[in-house]
1. Taking Rh as the Kirkwood radius, which is the inverse of the mean 1/r over Cα pairs, what is the Rg/Rh value for segment 41-91?
2. Could you sort 45-52, 68-75 so that the peptide with the highest average Cβ count within 10 Å comes first and the rest follow in order?
3. Given an 8 Å cut-off on Cα distances and at least 6 residues of separation, report the relative contact order of segment 41-91 as a percent.
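Bear in mind these aren't lab numbers, they're just calculated from the coordinates by the rules spelled out. Bear in mind that the values here come from a model prediction, so they are computed numbers and not experimental data. Don't worry about glycine lacking a Cβ; one is built from the backbone with ideal geometry, like all the others, and counts go over all protein chains shown.
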């Protein structure tokens with residue numbers, strides 16, 4: 001048994017869960033502090049962003065009844081937020097591939113007709129995150 005006053009190393013018995021309740025009881029007293037965003041790995045950053053978006057979507061669904069009639073169709077389409085100067089855009093729901101393809105074809109048409117150089121569009125897409133990337137547009141044509 002682990003006692004909090006003694007300095008006991010964790011043995012194989014504890015690692016395999018035979019005294020898991022005792023380990024959990026001792027662990028619950030220690031607060032767990034999250035790493036800073038810039039110190040976290042890319043996958044951890046993405047996982048946190050998705051987790052936050054999921055919680056916000058649930059909160060949104062629960063709050064709708066306080067502000068709108070149940071017959072109204074209220075839909076959360078996207079969530080934008082920033083963490084340490086890194087911008088996140090999370091879209092909810094299913095993608096409409098027909099609308100997406102039409103939009104990309106229209107953008108390619110405008111680039112061709114108005115003679116927008118590739119580099120200029122690349123710079124615009126870097127500034128405005130909602131613009132489609134040039135490789136996506138070139139793949140549709």
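1. 1.08
2. Those peptides, ordered most packed to least, come out 45-52, 68-75.
3. The value is 28 percent.
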